[in-house]
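Since the structure comes first, as structure tokens, the remarks are kept for the end.
What follows draws every value from the coordinates through simple rules; no lab data is involved. What you are looking at is a predicted structure, and each value in this text was computed from that prediction instead of being measured. Virtual Cβ from ideal backbone geometry, glycine too; neighbours counted across all protein chains shown.
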Amino acid sequence: MINLEDSNTSTNVAHVCGEIIDGLKFSHRTYGEVFYTFEIGVLRNSGYEDQIIVMASERILSTMNIELGEYVNIEGQIRTYNEDVEGHNKLNIVIFARDITEADPEDEAINEIYLEGFLCKKPLQRTSPLGRKICDLMLAVNRMYNKSDYIPCIAWGRNAIYSSTLDVGDRIAIHGRLQSRQYKKKCEDGDVLIKTAYEVSILALETFTTDMV
């Protein structure tokens with residue numbers, strides 16, 4: 001379990017445990033090292049399965065058997081990168097694995113994220129069809145070599161109301177889970193595509209001038 005007080009040594013910590021639901025795919029090669037992606041399913045308490053993309057180096061994968069139906073425990077960080085898809089910019093969100101170990105199918109599903117960064121867009125508050133307050137945030141999380149990951153987050157209820165009062169540049173820490181959701185997008189030719197969006201659902205939020213809410 002990620003502890004906020006123990007996570008201050010890192011601004012980006014991810015820990016997930018679930019079932020492999022899609023096998024290895026080549027991602028890219030950089031500085032002579034090859035990277036692959038695969039997908040795991042992590043069940044929520046509600047029974048809904050979040051489908052999470054994992055990226056790992058060939059070096060880490062060489063010690064693991066990545067096969068459909070296997071359960072794995074992954075520790076790493078959230079990474080984001082832009083991809084041009086048919087002339088449109090797509091934000092990809094993955095968990096960059098630093099360690100992968102085998103897990104028991106009887107183990108409890110784990111989906112824990114800790115992030116610390118700066119708001120890079122004005123929070124946008126809205127109301128769900130069921131009348132619940134929601135607030136969308138975009139968090140810039142710094143990493144090595146003067147790079148940043150831009151991570152969409154969503155707050156609910158009391159956290160949403162509080163988040164809507166924050167400003168661009170505010171430094172915050174959040175504890176939550178990486179979730180996936182499907183939505184429909186209508187194309188110019190009238191076709192409807194089913195797409196998947198990823199975001200961090202905020203369970204607890206802290207600014208550096210207030211207590212946890």
Note on the range 10-60: C-alpha Rg/Rh, Kirkwood Rh, two decimals, gives 1.06
If every Lys and Arg gets +1 and every Asp and Glu gets -1 at its Cβ, then about the Cα centre the range 114-207 yields a dipole, in debye to the nearest 20, of 220
What are the ³J(HN,Hα) couplings of the range 118-123, residue after residue, when phi is run through the Karplus curve with 6.51, -1.76, 1.60 and θ = phi - 60°? Round to Hz, x for glycine and proline. 10, 5, 10, 9, 5, x
The rounded separation in angstrom of the Cα centers of the range 33-110 and the range 130-201 is 19
Using a simple charge model, +1 on the beta-carbon of Lys and Arg, -1 on the beta-carbon of Asp and Glu, nothing else, what dipole does the chain show about its Cα centre, in debye to the nearest 20? 1080
Overall form of the range 14-109 per C-alpha gyration tensor (a/c, 1.5; a/b vs b/c): oblate
With springs only between Cα atoms under 10 Å apart, run a GNM on the chain and tell me which of R171, R181, R79 wobbles the most. R181
Net +/- balance of residues flanking T127 in space, Cβ distance below 15 Å, scoring K and R +1, D and E -1: +3
Could you work out how far apart the two model spin labels at R171 and R143 are, taking each label as a point 7 Å from the Cα in the direction of the beta carbon, and quote it in nm? 2.1
Using the Cα centre of the range 114-200 as origin and beta-carbon charges of +1 (Lys, Arg) and -1 (Asp, Glu), tell me which of A160, M144, L130 is placed farthest towards the positive end of the dipole. L130
Which listed pairs, of K121/K185; K122/K147; K25/K186, have C-alpha distances above 26 Å, in listed order: K25/K186
In whole Hz, what ³J(HN,Hα) sequence does the range 19-31 give by Karplus (6.51, -1.76, 1.60; θ = phi - 60°), x for Gly and Pro? 9, 6, 10, 8, x, 5, 9, 5, 9, 6, 10, 9, 6
What range in the chain is the longest one free of chymotrypsin sites (Phe, Trp or Tyr not before Pro) that are in a loop by DSSP and have at most 14 other Cβ atoms within 10 angstrom? 49-144
For the chain, what does -39500 (n - 2.57) per DSSP helix run (n ≥ 4), summed and divided by total residues, give at 222 nm, in deg cm²/dmol to the nearest 500? -1000 deg cm²/dmol
Cα gyration tensor shape of the range 114-207, rounded if a/c is under 1.5, else prolate or oblate by comparing a/b with b/c: oblate
Estimated vicinal HN-Hα couplings, Hz - the range 136-146 in sequence order (Karplus 6.51, -1.76, 1.60; Gly, Pro = x): 8, 10, 10, 10, 9, 10, 6, 9, 5, 6, 6
Long-range HN-HN contacts of A103 with modeled amide H, under 5 Å: Y71, V72, N73
Which is farthest toward the positive dipole end of the chain among N92, F118, H15, measuring Cα position about the Cα centre, with Cβ charges +1 (Lys, Arg) and -1 (Asp, Glu)? F118
quick note, the range 14-109, DSSP beta bridge pairs, % antiparallel (nearest 5) is 95
All other residues with a Cβ under 13 Å from the Cβ of D50 taken together, and with Lys, Arg as +1 and Asp, Glu as -1, what is their net charge? -2
Using just the C-alpha positions of the chain as equal point scatterers, what log10 of I(q)/I(0) does the Debye formula give at each q in 0.11, 0.15 1/Å? -0.56, -1.05
